[in-house]
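Let me begin by presenting the structure, written as structure tokens, before commenting on it.
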Number of protein chains: 2
Amino acid sequence: MEFTSETTANGVSELSFTVDDIPGVLWSPADATGNHPLVLLAHGGGQHKRAPGLVARAHRYVTACGFAVAAIDAPGHGDRPRTEQDEQFTAGIRARLSAGEPIGPQVATHNAALAAKAVPEWQATLDALQKAGHAGGPVGFWGLSLGTGIGVPLAAAEPRITAAVLGLAAAETLAEAAARVTVPVEFLLQWDDELVPRDSCLALFDAFASPEKTLHANPGRHLGVPAFELASSERFFTRHLGEGVTQPR
Amino acid sequence: MEFTSETTANGVSELSFTVDDIPGVLWSPADATGNHPLVLLAHGGGQHKRAPGLVARAHRYVTACGFAVAAIDAPGHGDRPRTEQDEQFTAGIRARLSAGEPIGPQVATHNAALAAKAVPEWQATLDALQKAGHAGGPVGFWGLSLGTGIGVPLAAAEPRITAAVLGLAAAETLAEAAARVTVPVEFLLQWDDELVPRDSCLALFDAFASPEKTLHANPGRHLGVPAFELASSERFFTRHLGEGVTQPR
């Protein structure tokens, strides 16, 4: 693990890093040490580790909850090279959208291929952050859509993750892994999702083996998750990961 | 409106009252005046205005949120006389339970009959509380199961109610009224509800015309709503009714 830069603003320290050529960011409370909880943020399809929504979420988790927060670019996203398969996927999606055809099944299949690469990358990132002394406390995972495509098999494989906020994904490619997830899950569904059929998203919620799982469904399309769900996720993580570091101000 | 007794404990004032022979309770912050939000609590079937869960909820809303809270007995419940129809319903339910038959449709039909009486009773209670100076602020409604059987037509008819927590009820008898509800709704569903079929409960959520509505579904049976939903309802009401009165301590 190599740390490439550090900045501090508004009480949040931001460290850029790479692990095996995978670029990432670690946000944490400035001037705080100790085994605070760590939340992993997995961005959505077409986004990257510093997408505005992810940065805003990371800052909230640091300043309101006292957590550390890490994000990495998914394969073919952000600062990472794009493969021939990535380019073909993008061209295929554009063609289907132009033709007014549904893209949900194509997105789910592509996300499953990305997840097969991304799961060991997240595990290597967690190993490296732990060795560097940045992840001694409990670990949570947040990711929707592509982030859930990665997060479900990751949570099934990785016992260090003890709570997850997931959602906006279909059962077909993920139900089998979900049946091996037993940690508490807060699961988001958009009632009018144009990418993920409602019944298939409900079926994915149903598939989790977790004794504590809670479904939050809201009206609106795939990208329209209401702002109050950010605050809900803070309480969910605080409930399951514990209180973070109170920052000196 | 007649006030029959007042006690104060732990910063909560408790006033017993009657409105047209309907007995009720008003909980409010002790030593506080002003137009704080008021939340109406409608108990479930077979319960009453001072059921332990209702009293605990009322105290939380008063002490944590600074709200006033009112509850009345539903027709045939608590301190109110039971009709021949009530007795027949209870006997019928017992017989069906003994025979291992489902009771959901019978409960829904009986609840609809109770709601036809209870809606004008709640409106008279709200009138009386306003005249007595206890309901000058925004008004919320909380009620599950029978409380939703009453709350949906009440929220459809009563413009003073500006936010509602509802759930654990089926669409068949309530969807038409739900389509006339436009205020924010937090709606609870129990994933393994033995009384309310999942699809019918989802259909009731779908039926609300409210631009802001949020479904919270959790594993478990009809009476197993998890404790964290109490805290969620506090934040929902605070978001929509505003901050209550900060208590002197």
Label-point separation (nm) for A:R235 and B:R239, each offset 7 Å from Cα along Cα-to-Cβ?
0.9
Fewest-first ordering of A:E2, B:E172 by Cβ atoms within 10 Å yields A:E2, B:E172
Label geometry 7 Å along the beta-carbon vector: B:F228 inter-copy distances in nm:
1.7
Suppose every K and R has +1 on its Cβ and every D and E has -1 on its Cβ; what is the size of the dipole of the protein assembly as shown about the Cα centre, in Debye to the nearest 20?
540
Once normalised by the length of region A:2-239, the mean sequence separation of its alpha carbon contacts under 8 Å that are 6 or more apart gives a contact order in percent of 16
Work out, step by step, the length gained on full extension between A:D79 and A:A203: first 0.36 nm times the residue separation, then minus their alpha carbon distance; give nm to one decimal.
41.2 nm
Net charge contributed by nearby residues that have their C-beta within less than 15 Å of B:D193 (K/R +1, D/E -1):
-4
The set of residues whose placed amide H lies less than 5 Å from the amide H of A:K213, leaving out same-chain residues fewer than 5 positions away, is A:V185
In whole Å, how far is the Cα centre of region A:64-120 from that of region A:193-249?
20
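Counting only DSSP beta bridges with both residues in region B:1-142, tell me the antiparallel percent, nearest 5. If you can, show how the numbers build up before the last one.
Values: 19 of 27 bridges.
Roughly 70 percent of the beta bridges in region B:1-142 run antiparallel, per DSSP.
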Going by C-beta contacts inside 10 Å, put B:H36, A:H59, A:H134 in order with the fewest on the left.
A:H59, A:H134, B:H36
At 7 angstrom along the Cα-to-beta-carbon line, where would the label on A:P159 sit relative to the other copies? Give the distances in nm, shortest first.
6.1
Ignore the peptide's own chain and count Cβ atoms of other chains within 10 Å of each Cβ in A:204-211; give me the average, rounded.
1
Would you mind counting up the charge near B:P153? Only other residues with Cβ under 10 Å from its Cβ, with Lys and Arg at +1 and Asp and Glu at -1.
-1
Quick check: pseudo-label points 7 Å beyond the Cα along Cα→Cβ at B:E176 and B:A9, how many nm apart are they?
4.5
How much of the DSSP bridge set in the protein assembly as shown is antiparallel, in percent, rounded to the nearest 5?
45
If you count the DSSP beta bridges with both ends in region A:2-239, what percent of them are antiparallel, to the nearest 5?
45
I want to check the label-to-label distance for B:S16 and A:R160. Put each point 7 Å from Cα in the C-beta direction and report it in nm to one decimal.
6.0
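Computed over the Cα atoms, what is the radius of gyration of region A:2-239 divided by 2.2 N^0.38 Å, N being its residue count?
0.97
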What is the log10 of I(q)/I(0) for the protein assembly as shown, computed with the Debye formula using one identical point scatterer on each Cα and no solvent, at q = 0.06, 0.07, 0.11, 0.13 Å⁻¹?
-0.33, -0.44, -0.96, -1.18
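For B:V139, what charge total do you get from the other residues with a beta carbon under 12 Å from its beta carbon, if Lys and Arg give +1 and Asp and Glu give -1?
In short, -1.
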Which value results for Rg/Rh of region B:122-248 when Rg is the Cα radius of gyration and Rh the Kirkwood radius based on the inverse mean 1/r?
0.98
How much mean residue ellipticity at 222 nm does chain A get from its helices, if each DSSP H run of length 4 or more adds -39500 (n - 2.57) and you divide by all residues, to the nearest 500 deg cm²/dmol?
-12500 deg cm²/dmol
Inter-copy spacing of A:A112 label points, which lie 7 Å from Cα along Cα→Cβ, given in nm from shortest upward:
4.4
Restraint check, A:K213/B:K213; A:K49/B:K213; A:K117/A:K213; B:K49/B:K213; A:K213/B:K117; B:K131/B:K213, Cα-Cα greater than 29 Å:
A:K49/B:K213; A:K213/B:K117; B:K131/B:K213
Options A:P159, A:G11, A:T90, ranked by Cα towards positive dipole end of chain A, top entry (Cβ charges):
A:G11
Find how much the distance from A:K131 to A:E101 grows on full extension, using 0.36 nm per residue of separation minus their present alpha carbon separation; answer in nm with one decimal.
6.1 nm
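None of the figures in this text is laboratory data; all of them are computed from the coordinates on show. Remember, predicted model here, so these are calculated numbers, not experimental data. Cβ atoms come from the backbone with ideal geometry, glycine included; neighbour counts cover every protein chain shown.
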